[in-house]
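Single-structure report; data block below.
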Amino acid sequence: YYLIEAANSVRNNIPTFRAYYQKKKAEVPKHQHKRALVLTARKLVRLVDVLLRNHQLYMPERSV
């Protein structure tokens, strides 16, 4: 539940995740939002895993 909530927040605030969500949402006709949100949460978990393994902070790409 908390990972899905985090993915929803990330989707609203980070353009990379927003684009990924939109791409996954457009792929299927049924359960678009739920599927796209779960896949976005999986992507977020992979990102967090890599950051923790490498002892790094998340630095989003900044557009000027």
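The table below gives the values:
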read-out	value
Filter pass, ARG35 being within 9 Å of the chain's Cα centre (by Cα) and open to solvent by 70 Å² or more (accessible area, probe 1.4 Å)	no
Filtered residues of the stretch 16-28 (kept if at pLDDT 95 or above and either of a type in the set (Ser, Thr, Tyr) or out of contact with any helix residue (DSSP H, G or I) (no Cβ under 9 Å at 6 or more places or on another chain) (or both))	ALA19, TYR20, TYR21
Residues that are open to solvent by less than 80 Å² (accessible area, probe 1.4 Å) and either in contact with a strand residue (DSSP E or B) (Cβ under 6 Å, 6 or more places away or on another chain) or not in a helix (DSSP H, G or I) (or both), drawn from the stretch 38-64	PRO60
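The values are calculated or read from the model by the stated rules, or taken from the named source; none is laboratory data. Nothing here was measured: the structure is a model prediction, and the numbers come from that model. Cβ coordinates were reconstructed from backbone atoms using ideal geometry, including for glycine residues, and neighbour counts include every protein chain displayed. Just so you know, the surface numbers come from the protein's heavy atoms only, side chains and all, with ligands and any DNA or RNA stripped out. Shrake-Rupley method; radii C 1.70, N 1.55, O 1.52, S 1.80 Å.
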